Amino acid sequence: MTNKYLLFVFVVLFLSAQVNAATVNRFVNTASTAGGDGTTNNTTGSTRAYASLSEWESNESTDLVADGDVHIVTCGGGVDTTDTTINGWTTGSSNGITIQCTTDKHDGRSRDVSGSGYQISSGSATGTLKLSEDYVTIDGLDIKNTTTNPAITWTYGTFTAADNSQILKNTVCQNVNTSSSSYIINCSRLNVIITFENVIAYGGTRGMDSRSASTVTINHCTFWRHQDQLGLVADTEATVKNTYIGKASGSSQDFWTGGAAPSGNNNASSDTSVSTDYSSSQASQVGSTQFVSVTAGSEDFTLKASSGLEANGASGISTNDIIGTTRDVSTPDIGAFEFIATSTRRIMVVSQYINNLIETYKYN
Amino acid sequence: MKKILAVLTLMLIASPVMALDITLQIMAFPSTHTLPLEEEAVRYKRGDIVGVYLSSKVPEPPSLTSRSVFIRITDVPSTAIEKAKKLIREDIDANVLIRRRQYNIDPQSLPSGIKQKLLTDREVTVTWIQAKPYLIDMKTGLSITDGDIT
């Protein structure tokens with residue numbers, strides 16, 4: 001009798017634990033108005049989507065570990081003009097935050113170029129998206145700073161040593177004006193463990209700084225500077241693979257080689273700096289030869305058919321590119337895009353859009 | 001005389017009095033879970049201004065489950081919404097976030113009629129002159145001035 005009772009208690013406890021572990025889905029839609037509870041992607045009614053990512057963050061910050069939840073916010077609509085700080089949550093390795101775009105994801109180009117998709121854009125002097133929590137994934141966003149400051153930064157956060165994981169993937173980042181003291185992406189912060197995959201970053205400042213971080217993995221990224229500024233500023237914390245870094249003109253190094261050497265291979269640069277620290281790499285790959293457009297205001301980093309980045313990446317790093325195209329298993333391309341013919345790419349984007357639409361409506 | 005009148009008319013047309021009708025989203029019921037000290041310092045506090053919107057963009061009543069209340073303010077002297085958004089400035093010093101928001105409205109300091117309306121409706125409309133004394137710069141402890149957002 002006692003054993004049966006204990007078994008019953010265990011079953012109840014087990015089921016309770018299962019029920020408590022949940023995915024919380026919330027929505028941001030710039031076509032909505034402030035004051036909703038964000039539980040649907042509707043743009044009217046009390047359950048309407050949040051009007052901005054900032055509104056979502058202020059309303060939803062909670063203790064995900066105690067709640068046993070993971071939290072996913074899906075962003076849509078047009079331009080979200082409020083800079084946002086992710087702070088004040090309690091997260092854990094099984095209880096993280098994902099900020100994503102699905103149906104309103106960019107097509108590999110910024111909204112400034114394509115005219116569609118969700119974009120978070122501000123002129124904030126501290127950066128547009130500021131991350132200060134231990135387990136946060138950004139997937140599919142278009143992030144812009146309209147001045148010289150970072151599109152995305154981790155430099156205001158406090159991160160737990162060996163117990164945090166930041167992921168930035170399938171995302172387009174940009175800033176605008178020229179500066180030698182600022183970066184498009186800045187993750188140079190104590191204890192940060194971060195992975196970049198399929199990220200495009202371009203602008204007028206330096207590309208990215210990761211020097212004070214703990215572990216930085218950079219795979220299949222494309223960084224471009226319109227001005228003569230340094231590209232990737234990294235030391236031994238960084239491992240870089242299948243990544244292209246270039247600039248329009250000038251002598252500032254694409255891969256800065258002034259510090260302790262990072263690890264990695266199969267990268268490419270517009271100058272010769274890639275050859276200093278990385279094996280099996282492609283030097284002197286001029287941007288205008290590789291990409292459809294590196295012109296400021298019409299950036300399109302899809303590969304030209306003649307690109308030297310094609311089939312020169314290391315295998316086994318990533319299965320898909322920034323818009324979901326399946327990568328070549330044995331000889332993937334360097335950078336955020338896998339080369340395919342333009343007509344096929346359009347079909348891929350439409351197909352991905354339909355899949356995302358189905359996923360989104362599951363929660364409505 | 002006619003010429004002077006024409007010039008004065010032109011000046012009047014060229015320099016209209018600019019004023020905005022904005023709505024502030026105010027944190028009213030902040031989260032209460034335990035945070036490490038350094039995070040506790042920068043979490044949203046009651047009265048922090050979460051967002052600034054043109055009132056025309058906030059046409060619906062707020063959800064009663066929202067953590068926020070909304071204060072519509074007419075005749076704000078900002079020349080553009082971007083200027084008014086200075087109200088959501090964070091307080092950051094040497095790469096350290098000191099406060100989530102520099103400006104705050106302490107709900108306890110509001111007139112009882114306004115407080116009661118916010119409790120029942122979650123929204124209220126006031127003028128800029130009425131609002132100014134309650135909009136406090138947390139760095140200086142002083143009320144906001146027109147110059148802070150123009």
- Note on the structure: Sorted by chain and then number, the residues having a modelled amide H within less than 5 Å of the amide H of A:Thr195, at least 5 places away or on another chain, are A:Gln166, A:Ile167, A:Leu168, A:Thr217
- Query: A:Thr331 to A:Ala305: extension gain in nm, 0.36 nm per residue of separation minus the Cα-Cα distance?
  - Reply: 7.8 nm
- Message: Explain nothing, just compute: Karplus ³J(HN,Hα) = 6.51 cos²θ - 1.76 cosθ + 1.60, θ = phi - 60°, for every residue of the range A:117-129 in order, whole Hz, x for Gly and Pro.
- Response: x, 6, 9, 9, 9, 8, x, 3, 5, 9, x, 7, 10
- Message: Just to check, using Stokes-Einstein with a Kirkwood Rh over alpha carbon pairs, what's the diffusion coefficient of the protein assembly as shown at 37 °C and 0.692 mPa s in µm²/s?
- Response: 134
- Item | Sequence-distant residues sharing a close amide H with B:Arg99 (under 5 Å, placed H) | B:Asp91
- Item | Exposure proxy ranking, count of Cβ atoms within 10 Å, fewest first, for B:Leu87, A:Leu190, B:Leu37 | B:Leu37, A:Leu190, B:Leu87
- Task: Between B:Lys139 and A:Ser181, with labels modelled 7 Å along Cα→Cβ, what's the label distance in nm to one decimal, could you check?
- Result: 1.7
- Roughly how big is chain A's charge dipole about its Cα centre, with Cβ charges of +1 (Lys, Arg) and -1 (Asp, Glu), in debye to the nearest 20? 340
- Message: Apply the Karplus curve 6.51 cos²θ - 1.76 cosθ + 1.60, θ = phi - 60°, to the phi angles in the range A:236-243 and return the couplings in whole Hz, x for Gly and Pro.
- Response: 5, 5, 9, 10, 10, 9, 6, 10
- Nearest 0.05, what FRET efficiency do B:Leu37 and A:Ser275 give at R0 = 60 Å with Cβ-Cβ as r? 0.80
- Task: Quick one: what are the phi-derived ³J(HN,Hα) couplings along the range A:102-110, Karplus 6.51/-1.76/1.60 with θ = phi - 60°, whole Hz, x for glycine and proline?
- Result: 10, 5, 9, 6, 4, 9, x, 10, 5
- Note on the structure: For chain A the mean separation of alpha carbon contacts under 8 Å (6+ apart) over residue count, i.e. relative contact order in percent, is 10
- Task: Could you tally up the Lys pairs in chain B with alpha carbons closer than 21 Å? Skip any pair fewer than 8 positions apart unless they're on separate chains.
- Result: 17
- So which aspartates and glutamates can A:Lys241 reach, going by Cα to Cα under 13 Å and dropping same-chain residues fewer than 8 places off? A:Glu197, A:Asp277, A:Asp333
- Query: Once the Cα atoms of helix B:112-121 and of chain B are each reduced to a long axis, what angle between those two axes, in degrees from 0 to 90 to the nearest 10, is obtained?
  - Reply: 80
- Between the alpha carbon centres of the range B:70-145 and the range A:29-44 the gap in Å comes to 23
- As a check on your grasp of the helix formula, calculate [θ] at 222 nm for the protein assembly as shown: sum -39500 (n - 2.57) over DSSP H runs of n ≥ 4, divide by the residue count, round to the nearest 500. -5000 deg cm²/dmol
- With charges set only on the Cβ (+1 for Lys and Arg, -1 for Asp and Glu), what does the dipole of the range B:18-149 come to about its Cα centre, in debye to the nearest 20? 200
- Hey, what does the equivalent ellipsoid look like for the range B:18-149, semi-axes from the Cα gyration tensor as sqrt of 5 times each eigenvalue, largest first, whole Å? 23, 19, 13
- Message: List the residues, sorted by chain then number, that are 5 or more residues from A:Asn320 or on another chain and whose placed amide H is less than 5 Å from its amide H.
- Response: A:Arg327
- Note on the structure: Among A:Asn42, A:Asn170, A:Asn145, the residue with the largest mean-square fluctuation in a Gaussian network model of chain A built from Cα contacts under 10 Å is A:Asn42
- In a Gaussian network model of chain B with springs linking alpha carbons closer than 10 Å, the residue among B:Ala94, B:Ala80, B:Ala19 that fluctuates most is B:Ala94
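Computed from the coordinates by the stated procedures, all read-outs in this text should not be read as laboratory data. As the structure is a prediction and not an experimental result, all values here were calculated from the model. Cβ sites come from the backbone with ideal geometry, for glycine too, and all protein chains shown count toward neighbours.
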